[in-house]
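Trainee: Take a look at this one; I'll ask things after.
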Amino acid sequence: MSGRQLLAAQAAVVGSLVAALIVTELPSILREVRIYRMTGGLRANRRYP
């Protein structure tokens, strides 16, 4: 196995792990985004000092 093949294999493993993490955390990320939008987002600085 050459160095290039090893690097490609490692990139595939890391990519699949990151994709699995994103898929498992997606519902909580969407919930946090919804809460952030309900509280005003970036425009809420004057409301919540």
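The values are calculated or read from the model by the stated rules, or taken from the named source; none is laboratory data. Because the structure is predicted, anything quoted here is derived from the model rather than measured. To get the accessible areas, we keep the full protein, side chains included, count just its heavy atoms, and leave off ligands, DNA and RNA. Shrake-Rupley method; radii C 1.70, N 1.55, O 1.52, S 1.80 Å.
Trainee: For the chain, with all protein chains present and a 1.4 Å probe, just round the carbon and sulfur fraction of the accessible area to a whole percent.
Mentor: Carbon and sulfur together cover 67 percent of it.
Trainee: Excluding ligands, DNA and RNA, what is the solvent-accessible area per residue of the chain at a probe of 1.4 Å, expressed in Å²?
Mentor: 96 Å²
Trainee: Next question, about the same structure. Once phi is turned into θ = phi - 60°, what whole-Hz ³J(HN,Hα) does the Karplus curve with 6.51, -1.76 and 1.60 give for every residue of segment 3-17, x standing for Gly and Pro?
Mentor: x, 5, 5, 5, 5, 5, 5, 5, 5, 5, 5, 5, x, 5, 5
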